[in-house]
Amino acid sequence: MRSTQTPSDGNAEVHIVAASPEVARRVAEVLRRCFAATEQRSYPAGPDGGTRLDLTVDTTRAAEPARSWLETSRSGHEAAGRDETATG
């Protein structure tokens, strides 16, 4: 059952749907290498098969290389916002 509550600030609920449990676990592993995450929960995806895997990631506790990428992308968004304000 999916939660209707909004995650706390800095957290994101991630739902992975894949044809096999192994593929879903591989995607979750990549996310865990980038962010602190809760234990994954897996469910059947639907009547046609597949796997749904849910986990919560904490974007405030990023690991490298995600930390560098996030800092760079935030700087780019802030600069773009200043440019739009200055030219708009």
Kindly provide the set of residues from the stretch 1-29 that are under 23 Å from L70 (Cβ atoms) and open to solvent by 90 Å² or more (accessible area, probe 1.4 Å), ordered by number.
-> T6, D9, R26
Could you look through the stretch 44-68, keep only residues that are without any contact (Cβ under 8 Å) to a residue 12 or more places away in the chain and assigned to a helix (DSSP H, G or I), and pick out the one that is surrounded by the most Cβ atoms within 10 Å (Cβ to Cβ)?
-> R67
Those residues of the stretch 3-43 which are out of contact with any Gly (no Cβ under 7 Å at 6 or more places or on another chain), part of a strand (DSSP E or B) and not small (G, A, S) amount to N11, E13, V14, H15, I16, F35, R41, Y43
Every pair of residues 6+ apart whose Cβ atoms lie under 8 Å, when the first sits in the stretch 8-22 and is more than 14 Å from T51 (Cα to Cα) and touching a residue at least 24 places away in the same chain (Cβ under 8 Å) while the second is open to solvent by less than 40 Å² (accessible area, probe 1.4 Å) and polar (S, T, N, Q) = N11/T56; A12/T56; E13/T56
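The values are calculated or read from the model by the stated rules, or taken from the named source; none is laboratory data. None of the values given here were measured: they were computed from a predicted structure. We place every Cβ from the backbone using ideal geometry, glycine too, and count neighbours over all the protein chains shown. Each accessible area value is taken on the protein alone, full model and side chains, heavy atoms only, with ligands, DNA and RNA left out. Shrake-Rupley method; radii C 1.70, N 1.55, O 1.52, S 1.80 Å.
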